[in-house]
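Derivation of every value follows stated rules applied to the coordinates shown; laboratory data play no part. The shown structure was predicted, so the numbers you read here are calculated from the model rather than taken from an experiment. Using ideal geometry, Cβ is built from the backbone for each residue, glycine included, and neighbour counts are taken over all protein chains shown.
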Amino acid sequence: MNVTEVAKLHLEENVETVTAASEQAFIHLPKDYAEPGWYAVYTIARHEKRVAEQMNCRRLRGFLPLYRAMHRWKDRRKQVELALFPSYVFVHLALKDRLRVLEIPGVVSFVCSQGKPAPLPEHQIEPLLRGTDGTVRIEPHPYLQAGRRVRLRSGVMAGLEGVLLRRKEGLRLVVSVELLMRSVALEIDEADVEPCHGASIRPLY
C-alpha cells in the first residue's frame, strides 16, 4: 500500500468517526431540541412583518397574528393591519434549527425561561392559529392575570381560556400569554362560554 492509499484510508476512517459521533450526539439531544414546537421570537420594533416574510422565504413555519385598526391622520383615515403582539412573531420548529431564525435580520432573540427558549402551550397557540383570519374581532388588551376564568366552547377558537369582562359594547374574553406578559381581547357571546374548573361565569366590570 502506497502513501496515497494510506492517507485515503485514514481520511475515510476519520470521516466515519465524525459521522458516528454526530449521530450519537443527535440521539442524546434533549427531547425539546429534536422535536418541533411553537416558540415566540422577539423582534426589533415594527419589524414583525419583515421577519414573518423572511421566515416564509426560508421555508420556516412562522405565524404573525394581526388585527385591524383605524388610524387617523389630519387629512384622512385608513384601516391598517397591526401585530396583535407587538415585537413578537411565532415560529414552529425544533430548537436544533433555531439558528435559521436567529440569522434573520430584525430578530433579537427567542423568548426564554430559565435560560433557554420556552415553548408555548398548545392550548394557547392553536386557537389563535384558527381565529386570527378576520372571522373573529380581536385586539390587544392591557395585561391581565386575575379574574374569573372561562372557556370558549364553540366557534373557530373553541378551547381558548381567558377572563370574562363586560364592557358597554358587550362581552370580551381577555386571553393572557404569560410567557410574553401580553393580553388580547376578543368579542364573544355569553352563550359561547362555560366556566373553567367550577369557577363562576359572572363577568368582571
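Taking square-rooted eigenvalues a ≥ b ≥ c of the alpha carbon gyration tensor, is segment 98-146 rounded, prolate or oblate, where a/c under 1.5 means rounded and, failing that, a/b exceeding b/c means prolate? It is prolate, given that a/c is not under 1.5 and a/b is the larger ratio. Average projection, convex hull of the Cα set of segment 121-205: 5.3 square nanometres. Taking amide H positions as modeled 1.01 Å from N, with prolines and chain starts lacking one, the residues under 5 Å from residue 143 and 5 or more places away or on another chain are 183. Would you pull out the residues with amide H under 5 Å of residue 88's amide H, same chain only if 5 or more places away, H placed 1.01 Å from N? Here 43 satisfy the definition. With a threshold of 21 Å on the Cα-Cα distance, the over-threshold entries among 31/116; 31/96; 96/116; 74/168 are 74/168. Positive end of the charge dipole of segment 32-120 (Lys, Arg +1 and Asp, Glu -1 on Cβ, about the Cα centre): tell me which of 106, 73, 51 has its Cα farthest that way. Result: 73, furthest along the dipole toward the positive end. Per residue, the average separation of C-alpha pairs within less than 8 Å and at least 6 apart gives segment 47-126 a relative contact order of 29 percent. Separation of segment 132-168 and segment 169-194, taken as the distance between their Cα centroids, equals 2 angstrom. Sorted on the mean count of surrounding Cβ atoms within 10 Å across their residues, most packed first, peptides 73-86, 183-196 read 183-196, 73-86.
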